[in-house]
Amino acid sequence: MSLRELARVVQTSEVTVRRDVRALEAEGLLDRRHGGAVLPGGFSREPGYPQKTHLAAAEKSAIADLAAGLVEEGDAVVVGAGTTTQELARRLARVPGLTVVTNSLLVAQALAHANRVEVVMTGGTLRGSNYALVGSGAEQSLHGLRVSKAFVSGSGLTAERGLSTTNMLSASVDRALVQAAGEVIVLADHTKLGTDTMFQTVPTDAITRLVTDETSAADDPTARELDALADCGVQISVAPLGSAVEAPVHPAQGAQAAAPRRGAPPPPGGSPLPGQRRPGAPGQLPTRLASIR
């Protein structure tokens, strides 16, 4: 859970929650993470779908709003499994002429009634904990596929190792998804930044863009992780909380332009896209309400 959510549940301040979390970690009862805390054994343990839906819900919604603006009319994209990608799918239902390839039942369900969106599902074996199709059937159905963008999430993201997850079967399918795409866009809220889990899915040098939520000042470990990712060439787009970007019905009507490929020159005048920092750019990111020390 995030510190913000813990403070809300126990009806106290985040300062008090942060102090108590440190004490509980010292006793071995939980592990601290940037932005929150998890049960011990975070390298192998994955929370179930009900728990994931309540973790950083506002942040995931803001991330999905911003990420939807990166999709153009007529695009063909792949969307991986996860609660953040499920939020993205709900917004992609508004993009006409879109083709979405997915191994997620939740993503497919969100797009089921979108008349102008074609949904292509992989084969595979159903993994009930996250409603995703995994295994050799899912991977083989992705062979020979080519799309413009892949939107994926995971259990952790670090500059050193990239995106990772706790399940081997999910990691294999995610790797097959991103291999089919020209651009790889990772959707990860602040609770996943700086967290490393068992199975690598996307190495850092294969990530085109990270879409995340607001983080705290530059001395925060999460902000330092973002700086390290930017130094590795990952484009960073920050979704503001409380003033989320409305997902456009048509790109010409939306405020967010399509994402350039890594290494492309900046927009005219040198101004970054909304919510974006140039890799390695100095300065602070927008301030998040909850910060971890």
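Laboratory data are not the source of any read-out in this text; all were calculated from the coordinates shown. Being a predicted model, the structure only gives us computed values, none of them experimental. When we count neighbours, we look across all protein chains shown, and the Cβ atoms used for this are built from the backbone with ideal geometry, even at glycine.
Observations
- Projected area, mean over directions - the stretch 1-40, Cα convex hull, nm²: 2.4 nm²
- Estimated vicinal HN-Hα couplings, Hz - the stretch 191-198 in sequence order (Karplus 6.51, -1.76, 1.60; Gly, Pro = x): 5, 9, 6, x, 9, 10, 10, 5
- Prolate/oblate/rounded call for the stretch 55-144, Cα gyration tensor, a/c under 1.5 rounded: oblate
- Only Lys, Arg, Asp and Glu carry charge here, each on its Cβ (+1 for the first two, -1 for the last two); on that basis the stretch 1-40 has a dipole of about 140 debye about its Cα centre.
- FRET efficiency for the pair GLU27 and THR99, taken as 1/(1 + (r/R0)^6) with r the Cβ-Cβ distance and R0 = 41 Å, rounds to 0.20.
- Amide H contacts under 5 Å for SER141, placed H, 5+ residues apart: GLY123
- Sequence-distant residues sharing a close amide H with THR195 (under 5 Å, placed H): LEU157
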